[in-house]
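A.B. asks: Got a structure for you, questions after.
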Amino acid sequence: MKTFGDSLIMQNEENRYKRLFHITEKFHSLMDKQSLLREIIVSLEELYPSFTCYLLLSQDYPNQNELPIVDFEYDSENITAMEAYVSGNVKMENSVEEKRSILYAPLKGKQGVYGVLQIIAPHILVFPEEEIEFITLLANAAGGALENAKLYQQSKRVISDLQLINETTHCLNSNLKLKDMIVYMSNQIKHSFQAEEAGFFLITENLVNVTVLPGSTSFFFTKQAHPYIDYLKNKIIKEKESLFFGDLNLPTVNEIKCFRSIMAVPMIQRGILKGFSIVMKQDPYFFSFEAFKLLQSLIHHSAMALTNSLLREELERMIITDHLTKLHSRNYLDDKIQLSMKEDDQGTFILIDIDNFKVINDTYGHQVGDEVLVQVAKIVRVNIREHDVGARWGGEELAIYLPKVTLETGVAIAERLVKAVAECSVPSITVSCGVSYWNKDRFDSYTNLFKRADECLYTAKGTGKNKVINQNDCIKAS
C-alpha cells in the first residue's frame, strides 16, 4: 500500500519530468546556437543550483566568454570525458578523497555527438540512478536541439550560397562589359568571403604569360603581387586543380603585406585552361573549407560568362580595328566624332598622309610599304591619349580625333608626329598633316570638319610636304 510520502515523491518526479518536457520544447524552439547554449546553461543552473556545470563542445561552436563553455580537446588528459564523447554513454568519476562526483553525459543527436555535459556534484559520492536517467534525458534533449540548430544554420548557408550563385550568374549573363563583370565579381567575392584581395587572370595559349584582368583589386597590379601570381599559376598549370592554403609562406615574399590564407580556382572552358581566380587574406586559416567549395562553384558557374565576354569584346575589337595598323576603323572614328560633336564643347581633327607613298611601294615593294604604315601607326598611338581616337582613314592616310582639345594643342600634337616620323622611320619617310577644329559656339558638321582638314592636307602636300597646315592657315592663304 502506497504511503503519503510515496505519493509526494511520485508527484515531485512527475513535476520534474513535466519541467523536462517544457525545457525540451524551449530548446527545440531556438535555432540560434548562442541563444540555445545560453538556455541550456540557465536550465542546468535552475535545476542544479548547488552543482557546477560545464559544456565541453567541439570547436564548431564559438567560445562564449560569458558562459561556462570549454572547447573540447581531443588530446585532453580528461580520459573520462573523452570516453563519454566517443562511446555516447554516460560516464562517472567518483572521488572519496575530494568528496565529490563528476558526471559526463554526451550531447547526442541523431547524426552524432556534439559535446559532453560535465556536472560536478560536491558532497555526493555517487549519483542516484534516477538522477543519472534524468540528466541523460536532459543531455539528449540538448544534443538534439544543437543538431537541429546546426542543420538550420547549414540550410541557411546553403540557401545563401545558392542565392549568391544565382544572383552572380544572372548578372554575368546580362551582357556586361568585361571590366564591369570583373569589378562585380571582385566585389561579390570580397563581400561574401570577407577577403582583402580578389583577382582574375588570363593565361596565354602557350601557358607562359598571365594578364591581370581590369576590375581585379589594385594589389594585383603591383610588383608585390608577382610572386603570388607566378607561384599559383605554375601550381594550377601543373596540378590542374583548385588550390586552398591556410598558412602559405612564400620565401620570395619579403614585403610587409604577406598573405597567408589563399584560394585559387582555375577557369576552364571545354577542357581548356583559360585563366584562374585568386582570393587572399593576410590572416592565416581565415577561409573555411565551405568557403573554398563555394568559390569553386561560383567560378565554375561564372567561367562561361567570363569567356563569352572575352570573345565578345575580342570580336568587337576586330570589327572596329584595322587589321594591319591596329588602329581603329574609319567607321568607328566617324561614330566617335559625331558623338563628340553632340556631347562635347570642342574637338580637333588631324588628317595624316604619308608623303610619296607610291614611290616607297615602287622602290621597296608593298611589304615594306605595309611596314611603313605600321611604323607610323605606332608613332600615332604613342603620341595620343587613351581616350583619343587614332584610325586608318584609307590607303596611306591615317587620322586622329582629339575630343575636348583646342586647335593650338592639336597643331602641337600634329607637329610632334611629323617630327617623330621624320626622325624614327626606316626607311626614312615624312608625313603631312591637315588640322581642323570645331567648337559649340558656331554651327558645324562632321562633313565640314573633314572637308577643312582635307583642304589643309592638300595645301601641306602642295607646299613642300613634311609639314602641318591648320584651318586658320588655309583661311589666311585664301
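A.B. asks: Given the conditions (1) modelled with pLDDT of 85 or more; (2) outside any helix (DSSP H, G or I); (3) touching a Ser or Thr at 6+ places or on another chain (Cβ under 9 Å), which single one is not true for N94?
C.D. replies: Unmet condition: (1).
A.B. asks: If I go through the range 107-154 residue by residue, how many of them are more than 20 Å from Y17 (Cβ to Cβ) and in a helix (DSSP H, G or I)?
C.D. replies: Count: 9.
A.B. asks: Also, I was wondering about something else. Scan the range 444-478 residue by residue and report those that are surrounded by fewer than 18 Cβ atoms within 10 Å (Cβ to Cβ), small (G, A, S), at pLDDT 90 or above and in a helix (DSSP H, G or I).
C.D. replies: G462
A.B. asks: Further, regarding this structure: Please go through the range 409-443 and give me each residue that is surrounded by 22 or more Cβ atoms within 10 Å (Cβ to Cβ), over 28 Å from K342 (Cα atoms) and among the small types (G, A, S), ordered by number.
C.D. replies: S432
A.B. asks: Assess whether E13 counts as being out of contact with any Lys or Arg (no Cβ under 8 Å at 6 or more places or on another chain) and at pLDDT below 75. Give the steps one after another, and end with the answer.
C.D. replies: On the way: out of contact with any Lys or Arg (no Cβ under 8 Å at 6 or more places or on another chain): yes; at pLDDT below 75: yes.
Yes, satisfied.
A.B. asks: Scan the range 94-134 residue by residue and report those that are crowded, with 21+ Cβ neighbours inside 10 Å, over 46 Å from the mean Cα position of the chain (by Cα) and among the aromatic types (F, W, Y).
C.D. replies: The answer is Y104, and nothing else.
A.B. asks: Out of R381, R385, R392, I need the residue that is closer than 22 Å to P427 by Cβ and under 35 Å from the mean Cα position of the chain (by Cα). Which one?
C.D. replies: Working: R385 fails: closer than 22 Å to P427 by Cβ; R392 fails: under 35 Å from the mean Cα position of the chain (by Cα).
One residue alone meets the criteria, R381.
A.B. asks: Six or more apart or on different chains, Cβ atoms under 9 Å: show the pairs whose first residue is in the range 417-437 and over 21 Å from C474 (Cα atoms) and at pLDDT below 95 and whose second is small (G, A, S) and in a loop (DSSP other than H, G, I, E, B).
C.D. replies: Correct list of pairs: A422/S428.
A.B. asks: Here's a follow-up. Say whether the condition of being of a type in the set (S, T, N, Q), crowded, with 21+ Cβ neighbours inside 10 Å and at pLDDT 80 or above is met by at least one residue in the range 192-207.
C.D. replies: As a first pass, look at the range 192-207 and keep what is of a type in the set (S, T, N, Q): 192, 194, 204, 206.
Among the residues that remain, those that are also crowded, with 21+ Cβ neighbours inside 10 Å are: none.
No, there is no match, as no residue in the range 192-207 is of a type in the set (S, T, N, Q), crowded, with 21+ Cβ neighbours inside 10 Å and at pLDDT 80 or above.
A.B. asks: Does at least one position in the range 61-77 carry a residue that is in contact with a Leu (Cβ under 9 Å, 6 or more places away or on another chain), on the phi < 0 side of the Ramachandran plot and at pLDDT 85 or above? So that I can check it myself, show each step before the final result.
C.D. replies: If we filter the range 61-77 for residues that are in contact with a Leu (Cβ under 9 Å, 6 or more places away or on another chain), which is where we start, we get 61, 63-64, 67-73, 76.
Cutting the leftovers down to on the phi < 0 side of the Ramachandran plot gives us 61, 63-64, 67-73, 76.
With the extra rule that they be at pLDDT 85 or above, the set shrinks to none.
No, every residue in the range 61-77 fails to be in contact with a Leu (Cβ under 9 Å, 6 or more places away or on another chain), on the phi < 0 side of the Ramachandran plot and at pLDDT 85 or above.
The values are calculated or read from the model by the stated rules, or taken from the named source; none is laboratory data. All values reported here derive from a predicted model rather than from experimental measurement. Positions of Cβ are generated from backbone atoms using ideal geometry, with glycine treated the same way; all protein chains shown enter the neighbour counts.
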